[in-house]
Amino acid sequence: MDNSREIASFRRRANKVAVINQPPQFEVAVWGEGDTPPEEKPWQLRIMVEAKKDAP
């Protein structure tokens, strides 16, 4: 049984769906509470670490 036509069809379909542009680059920015935060960028997760509070 020759599957070459079916494989060629799958290849054509995959080429149509393939991402042409470069995917976004994810970034994590972490800084302390007293520090100045880094500049905002698209696709960036921003985390500020709060200073430890003293127990009452």
A student asked for the Cα radius of gyration and Dmax of the chain in angstrom ought to give 24.0, 78
Less than 15 Å Cβ to Cβ from residue 8, Lys/Arg counted +1 and Asp/Glu -1: what total charge do the surrounding residues give? +3
Compute the accessible area per residue over the chain, keeping the other protein chains in place, probe 1.4 Å, unit Å². 105
At a 1.4 Å probe radius, carbon and sulfur cover how many percent of the accessible area of the chain? 55
Mean residue ellipticity at 222 nm from the helices of the chain, using -39,500 (n - 2.57) per DSSP H segment of n ≥ 4 over the full residue count, to the nearest 500 deg cm²/dmol? -8000 deg cm²/dmol
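The values are calculated or read from the model by the stated rules, or taken from the named source; none is laboratory data. Here the structure is a predicted model, which is why all the values come from computation and not from measurement. Note that each Cβ is placed from the backbone with ideal geometry, even for glycine, and that neighbours are counted across all protein chains shown. These accessible areas exclude ligands, DNA and RNA; they are computed on the full protein's heavy atoms, side chains included. Shrake-Rupley method; radii C 1.70, N 1.55, O 1.52, S 1.80 Å.
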